[in-house]
């Protein structure tokens, strides 16, 4: 829909999309909340930085259709470029083996498991590799493992960060050989349980969820809104946001064999979480087909003393747990989504002829160094 409430019609849609079906007042458009949002000049600077980056998904000679169909075509191309390659998977397996060996040399009895985006297959070339170590210690061995990795020349001391004051203590490493980033946590079962849930969502929305997630993840990475320990949105939370959105956008494409228009879905996602969703009052729930409840109701479910975050999402695996309780950058994310919606909508409405430059460059870009890094990984592994 555009800002006047009109619905985009494309060759991929046979009828007007269903509404968001909001739950009463909880998802009504809210007035701007005057907190520490990023200024228009800051957002313009970020958008300018993204716009000056490369668009490696646009092949030489590629020409896109006008309007929403062209955006759909470009989203598909972007996803095909941005999704992980076999070489990138092999590199990550090598890193996992090296770090696992160092930890096992110190603590042979521990159980080490991979979780997160690498296990689900939904990762960017810049995504962290998530490991969880199960064991018993008087004190978590964050520094001990960090020192051992440095001594084994897997990373440099300057590339190690011990995050021991966070809600979930982490050891963050940047590998010397590959540049891959590794996050190590301890005795946390949530991430392991999340893998099966995410895979079930991918099975439910195979043509929508992976491309939307990877594009939006890249969008957040380039705006520094993707790290939980700095108040950003985790990959798990972003997946839940997308799934909740898709639950309210059910379209049956199986009858005529058509595919969903990813351009429409991307633009409506940005509109919904940038302009419509009521962050101040609503909690997102995904169980039983998806719904919204008031934050007052959510707080009654939570552990005494805990309150819902500005962005509040009830964990489908742990009802009563707010996935985004520590996401204090939610309003910056909301503003970024709204900014992107305005600029992408403008590009779509003004694009009345075939384009060679595409439209995603208005909100998304890939730094030249990342392109070179991916080329190097694919040549080495």
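Each reported figure results from applying straightforward, stated rules to the coordinates on display, with no laboratory input. Computed from a predicted model, the values in this text were never measured in an experiment. Counting neighbours? That spans all protein chains shown, and the Cβs are built from the backbone with ideal geometry, glycine included.
Structure notes:
- Matching residues, region 116-139, being crowded, with 18+ Cβ neighbours inside 10 Å and part of a loop (DSSP other than H, G, I, E, B): 116, 122, 123, 124, 125, 126, 127, 128
- Residue count for region 145-155 satisfying the condition of being part of a loop (DSSP other than H, G, I, E, B) and in contact with a strand residue (DSSP E or B) (Cβ under 8 Å, 6 or more places away or on another chain): 2.
- Residue within region 328-349 that is buried (at least 17 other Cβ atoms within 10 Å of the Cβ), part of a loop (DSSP other than H, G, I, E, B) and touching a residue at least 60 places away in the same chain (Cβ under 8 Å) present: yes
- Enumeration of residues in region 157-173 that are touching a helix residue (DSSP H, G or I) at 6+ places or on another chain (Cβ under 7 Å) and part of a loop (DSSP other than H, G, I, E, B): 164, 166, 169
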